[in-house]
């Protein structure tokens, strides 16, 4: 046990030296489960995913149709507002910018923000620039397997940091919503569930923007 603790501290020190571990964070090898409300049931015959708001045309996909969209794989460092960090996590899913580039999705010029609508009425909000950045994904798979139910199966938004990409905005993990059912593109920002409860709207990990 003491060896494991020593190894973790050594890893933390190395990651801080490499500017990969933000202030106030501790390294974990687990994947803690944190969310509001119960884990929802999934019925592939009834599930759908909707995109609406400041878009040229609304879109709605069944589960089978969503899985035919172009796929992207992504490696992220995850940083939770509760102060744990998990490094080099592997994800697979759909990237919004790819949908735009391939003509599947067209946004109106007024679109500046995105609200993620999830099961049980949960929401979280991000700027459009983050939604289209390399470090945000509509994820269906983690570590080569479909998401576990408690981590958002069948679909979640996931956002994290990409090593050596200082050009990206890095935010805490709650800015990716579990059990995602819709994206609403908006001209004006609208606070999500945790943002309304006092969490910081920007959620920058390097500035420790945990609470407003």
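Read the figures in this text as sums done on the coordinates, not as results from a lab. Source: prediction; values computed, not measured. In this analysis, Cβ positions are derived from the backbone assuming ideal geometry, glycine residues included, and neighbour counts consider all displayed protein chains.
Side notes on the structure shown:
- Note on residue 197 and residue 10: the extension gain reaches 63.7 nm, defined as 0.36 nm multiplied by sequence separation minus the Cα-Cα distance.
- The GNM of the chain, with springs linking C-alpha atoms under 10 angstrom apart, assigns the highest mean-square fluctuation among 43, 77, 19 to 43.
- Once both labels are positioned 7 Å from their Cα atoms along Cα-to-Cβ, the gap between residue 163 and residue 19 label points is 1.5 nm.
- For the chain, built as a Gaussian network whose Cα springs stay under 10 Å, the top-fluctuating residue of 84, 47, 174: 47
- Virtual spin-label span in nm between residue 26 and residue 62, 7 Å along Cα→Cβ: 4.8
- Antiparallel content of DSSP bridges confined to the range 1-157, in %, to 5: 95
- Cα centroid of the range 195-209 to Cα centroid of the range 58-120, whole Å: 20
- Within the listed set 85, 17, 26, the residue fluctuating most in the Gaussian network model of the chain (springs between alpha-carbon atoms under 10 angstrom) is 17.
- Counting 0.36 nm for each residue step from residue 90 to residue 206 and taking away their Cα separation leaves a gain of 39.6 nm.
- The order of 31, 113, going from fewest to most other C-beta atoms within 10 Å of their C-beta, is 31, 113.
- Label assignment, Cα extents along the principal axes in Å derived from the structure, set (i) 56, 37, 31; (ii) 55, 33, 33; (iii) 49, 46, 38: (ii)
- Across q = 0.16, 0.17, 0.18, 0.20 Å⁻¹, the range 139-193 modelled as identical point scatterers on its alpha-carbon atoms has Debye log10 I(q)/I(0) values of -0.62, -0.69, -0.76, -0.88, in the order of the q list.
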